[in-house]
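The values are calculated or read from the model by the stated rules, or taken from the named source; none is laboratory data. Computed from a predicted model, the values in this text were never measured in an experiment. Cβ: placed from backbone, ideal geometry, glycine included. Neighbour counts: every protein chain shown. Note: accessible area is taken over every heavy atom of the protein model, side chains too, but ligands, DNA and RNA are not part of it. Shrake-Rupley method; radii C 1.70, N 1.55, O 1.52, S 1.80 Å.
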Number of protein chains: 2
Amino acid sequence: MDYEYSQMFLESRTKPFHKFLSLFQKRTDSAHTAHSEFGRRKDQLQSRASPSSPMKPTDMAKEGTETTEETEHMIEKNGAKETETVLSAGDAKEMRAVILSGFGGLNKLRVTKKAMPEPQEGEVKIRVKACGLNFLDLMVRQGNIDSPPKTPLVPGFECSGIVEAMGENTKGFEIGDRVVAFVNYNAWAEVVCTPLDYVYNMPDDMTFPEAAAFSMNFVAAYMMLFEVANLREGMSVLVHSAGGGVGQAVAQLCSTIPSVTVFGTASSFKHEAIKDSVTHLFDRNIDYVQEVKKISPEGVDIVLDCLSGENTGKGLGLLRPLGTYILYGSSNMVTGETKSFFSLAKSWWQVEKVNPIKLYEENKVIAGFSLLNLLFKQGRCGQVKTVVEKLFSLYNQKKIKPVVDSLWALEEVKEAMQRIHDRGNIGKLILDVEKSPTPLMASDSTETSEAGEEEEEHEGDNDNKERMPFIQ
Amino acid sequence: MDYEYSQMFLESRTKPFHKFLSLFQKRTDSAHTAHSEFGRRKDQLQSRASPSSPMKPTDMAKEGTETTEETEHMIEKNGAKETETVLSAGDAKEMRAVILSGFGGLNKLRVTKKAMPEPQEGEVKIRVKACGLNFLDLMVRQGNIDSPPKTPLVPGFECSGIVEAMGENTKGFEIGDRVVAFVNYNAWAEVVCTPLDYVYNMPDDMTFPEAAAFSMNFVAAYMMLFEVANLREGMSVLVHSAGGGVGQAVAQLCSTIPSVTVFGTASSFKHEAIKDSVTHLFDRNIDYVQEVKKISPEGVDIVLDCLSGENTGKGLGLLRPLGTYILYGSSNMVTGETKSFFSLAKSWWQVEKVNPIKLYEENKVIAGFSLLNLLFKQGRCGQVKTVVEKLFSLYNQKKIKPVVDSLWALEEVKEAMQRIHDRGNIGKLILDVEKSPTPLMASDSTETSEAGEEEEEHEGDNDNKERMPFIQ
C-alpha cells in the first residue's frame, strides 16, 4: 500500500541520464568511493575507533564533564601564557591544515603546512581549538555536492577557538574571546579567518569540543523544527540517524516542547546509548514505515530526512495532514547503499519528483534545508545569529547539551571520516587541533585489509597505517 | 532568467496523457464550460451584476453596516416570532435547495424542492440564512475535483443560520443559537444537517452574511499564513486574486502582524476598491514576477497560489530562502484561460513537478492546502475549531471583518457563479436564502447573447433570463 502511495504521489525521471553522465565525468573517481567495503569493515573499524577515541559511547556523560573540567583548568592555569602563545603563534608564517587534494576516497586527504591566513577587513582570525566533522564533509570529499569548489581545498565548515586578530576597521570581538564560527571551507586548520557575521561568542560554560559540536547540528535542527516546520506541543517527529549529531540535536530540542513524540531510526548497537533521548527507536535496516504506523496509524507531523532517494516517498506517505517533510541531506549518495557508478547515478537523478496537486489534496508540506547554502549563498547570517542566541540561552538553562562522540587529531581525519561513514558515531565527531594522533596498534593494519576485496581507495588508506609521514 | 529557473526547478510530465483521457471521458461536458465567453462577457455581466446585487463595491463599508442593522433589527423585533416560524417550518416536509443535476455548465444548476433533512445522532439541524459561494463551487460544478461525488447533488460547503434541532443524544447547542457551519456539500438549501464538530456559535455582532463570508476564507487564510507558513513580523506575502474572498482575508490577517508587506494581483478595475488592503497591487494580466522583483529583488517569504499550472514555477522562483509556496486551488483549470479540452488536459497533467533536491539547495518550502479535505477527509475538526475561535476573537477585537461582495437569492445562483467566474467580485459572494430574486431587465437577455459566439453552456443559460420556472 505504501509503495502504491508513493508511486501515486511521486514521479521518477529517467530521461536526462545523458545530462547526468556529462556532469558526472569530472567526478569519476568519487563514484568509486561509495563501495561495499563499508559494510564489511564496520565492525573492525568500530572496534578500532573506540580505543583511539577518548571515550566509549556509554561513557559519554562522564566524559563530557571531564573534558569541560580539563578545558577550564587549562584556561585558568594558563590564562596569561595563552595570550603569549597566541601572539607568538600569530607571527608564524605557516600552519597545519587538512588538505583534500582532489575529489575521491580517503586517500585524497592529508595534513600539510599552509601559509598562515591573515584577516581581511570585516574578518576575524581564530586560533582553532576544535572543528566539527559532518556527513556533509564526506559528500564534499566525494564531490557529491552542487557546484563543488576546486581542489585542493581545506575542508570543514565549523570550528571553535580563540580570537587572535581582527581585520582592519573590524570591531565586535576582543583578542582572546572564546568563539564558535562558521567557515565556508577551511575550518580544518590551526588558524581560520572568517567574516564577522559568522562568528559568535561562546557561553562561558561551553567547552571548545562542545561548541564545535553545537554550531551546525543544533542550528540546523532548530531551524528545521521551529522555523520550517513550526513544532508545537503534542506533535510527533521522525528523524533518521537518531544517534548522529543532527539526530541528537533534534531529540534534545524536541524535549524542550511538552509532549513531543520522537521516532528515530539508528543502527541497533546504538539503541542502548540513545534510548532515553528518543521515544521510539527502530533499527535502520527494518521497514520504519510499518513500525511507525503500528504505533501511530495516522503518521507523524514532521519527518526529517537526510537519506533522500526512495525515503522521500516513504516520508511523505508517513505525514499526517499539515505535516512537513524536510530533506536536509542525501547521505544515501555516499554510503555503501550506493554501490556503483550506475546506482549512484540513479539515486541522484531518480530522486522522486513531487506533484503539487497531490500536496494540495493531501495537505502536505515538503521542504529542503541546507544551512550552508543559507549562510554562504543566501546571506541569512542575521537570521542564523538570532537562532544561535536562542540556542545558547537553552544551553545556559541546561536544556540542551551537545553530545560529543569522540575527539580526533587532524592526522586522524581518515579514521574519523570512516567512523562517520560507517555510522559508528553517537553524537558528533570532533577534530581536536591540539590532540596528538593515537598510535595505531599493529593488528589494525592487517584487520582492515582483506585480499580480493580492496578498492582503489583502500590502497590509499595504507597511509593510515603509517600515519607519521602525514605532516610533510 | 525566470523561465530558465523554473525549467531547472521543475519537471513537466507529458507521458500519461492516455491516463488523463480515460479519466476525462466522464467529464466531457465540463470541458466545454471553460470558454472564451468569459472575457467578452465580463463588462456586460459586471454591469448586470451590480444592480441586482444589493451594493456596489464602492459602497461596501456602508452596505455592511446597513446589513448588520437590518439583521439585528429583525432579530430584536421578531425574537419570539422567529422561534414560532422556526417551529412551523420545522414541520414542513420539503425545503428549497439548489441542485446540480450533472457536472458541466451553469445550465446544470436549478432550484428545486427536496425532502427536509433530519439530524442524525451527533448532528445539528440548521435553518440556513446565508451560504458562501466559492471558486471551488465552480470546480465542483465542472467536476474538476479529485474524486467528484455522484450527481445530482446540492452544492455548498458553508452556511450560517439558526439551530432548529439536534440529533438524538446530541448536546452542545441550544435551539435558536446563531451558528456558522461547514457542510460536506448540501449547504445551498433552506435547511442543513451537519455534525456537531463542524458547527460554531457566531459572535453576537456578526451578521449571517458576514459569518457565511467568514468561515472558509478566513480559516483557510489563517491556517495557510500561521500554521503552514509561520508568518512573522517583517515578512512579505504574495497573494493572487487579492480582491477575492481569500485574498481579502489574507490581506486583513497580514495587517494583524507588524510590518508585513502584501503584494497582490487583481483585475485593474478592483484596484481602487482594494488598494488600502494591499501594499503593492499589480494587474493580474501583467508579469507579476518582474513587478515584485523590481520592488523586492530578493523575492517574498510567502506565495499563496490559487492558480497552479505555470504559476507554481513562478511562485517558487519568487521565494526568498526559507520561503513557503502554498498551492490552495487550481482556478486556472476553470477559467477562460483554459480554452479547450486539450489545454485543460495540459494544465491538469502538466502541473510542474518539484524536485526535492532543488528545494534543498534553494532552502524552499512547497505546500498544498485544502480546507475541505482537512475537514471532511482528514478529520482535523479540532484543529479547525481552535482556529475559528482565534478568528472570532480577532473579529471581536475589530481586527478583521469579512468583506461581502454581494447577496444573491438561491434562484440567482447562476449569475452569482458567473460573477465569480469572471472575477467580478470584491470579497465574498453570498447566497441569501431569504432574498427574493431581483427581476432581470429586458436588456439583459439580449446583451449577454451574441450570435456566433455562443457555447453549449450559454444555451442553458437562457434559463437565467426567464428565471421564474426555477422553482419546480
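Of the accessible area of region B:216-402, with the probe set at 1.4 angstrom, what percent is carbon plus sulfur?
In region B:216-402, the share of accessible area belonging to carbon and sulfur is 52 percent.
Quick one: pull the percent of accessible area on region B:94-211 belonging to carbon and sulfur, 1.4 Å probe, ligands and nucleic acids left out.
C and S fraction of accessible area: 44 percent.
What order, most packed first, do the peptides B:265-275, A:318-328 have when packing is the mean number of other Cβ atoms within 10 Å of each residue? Before the final figure, lay out each step's value.
Numbers: B:265-275: 18.1, A:318-328: 23.9.
For the peptides B:265-275, A:318-328, the packing ranking is A:318-328, B:265-275.
If a/c stays under 1.5 just call it rounded; otherwise compare a/b with b/c (prolate if a/b is bigger, oblate if not). Do that for region B:94-211, with a ≥ b ≥ c from the square roots of the Cα gyration tensor eigenvalues.
Judged from the Cα gyration tensor, region B:94-211 comes out prolate (a/c at least 1.5, a/b above b/c).
Going by Cα centres, region B:152-198 and region B:388-409 are how many Å apart?
Result: 19 Å between the Cα centres.
Just order A:243-249, B:119-125, A:369-375 by mean Cβ neighbour count inside 10 Å, highest at the front, would you?
Highest to lowest by the protection proxy: A:243-249, A:369-375, B:119-125.
Going by the alpha-carbon gyration tensor, a ≥ b ≥ c the square roots of its eigenvalues, is region A:252-320 rounded (a/c under 1.5) or, if a/c is not under 1.5, prolate (a/b greater than b/c) versus oblate?
oblate
Check B:Leu319: other-chain or 5+ apart residues with amide H under 5 Å from its amide H, H built from backbone geometry?
B:Val300
Using mean Cβ contacts within 10 Å as the protection proxy, how do B:93-103, A:221-231 order, highest first? List each step's numbers first, then the result.
Values: B:93-103: 18.0, A:221-231: 21.9.
Final packing ranking: A:221-231, B:93-103.
Taking a ≥ b ≥ c as the square roots of the Cα gyration tensor eigenvalues, with a/c under 1.5 meaning rounded and otherwise prolate when a/b beats b/c, else oblate, which class fits region A:348-389?
Oblate, since a/c reaches 1.5 and b/c is not below a/b.
On average, how many beta carbons from a partner chain sit within 10 Å of the beta carbon of a residue in A:254-265?
Mean shielding by partner chains, rounded to a whole number: 0.
5 Å is the cut-off here: which amide hydrogens, built 1.01 Å from N in the peptide plane, fall below it relative to A:Asn186, excluding neighbours closer than 5 in sequence?
Residues meeting the criterion, in which the H sits 1.01 Å from N, are A:Val154, A:Gly156.
Quantify how strongly other chains surround peptide A:374-380 by giving the mean number of their Cβ atoms within 10 Å of each of its Cβ atoms.
3
For region B:205-276, what is the convex hull (Cα atoms) projected area averaged across all directions, in square nanometres?
5.2
Pairs to check: A:Lys398/B:Lys390; A:Lys171/A:Lys398; A:Lys385/B:Lys353; A:Lys401/A:Lys428; B:Lys93/B:Lys171; A:Lys364/B:Lys125. Give those whose C-alpha atoms are more than 22 Å from each other in this structure.
Checking Cα-Cα distances, A:Lys398/B:Lys390; A:Lys171/A:Lys398; A:Lys385/B:Lys353; B:Lys93/B:Lys171; A:Lys364/B:Lys125 exceed 22 Å.
How well do other chains shield peptide A:318-329, expressed as the mean number of their Cβ atoms within 10 Å of each residue Cβ?
3
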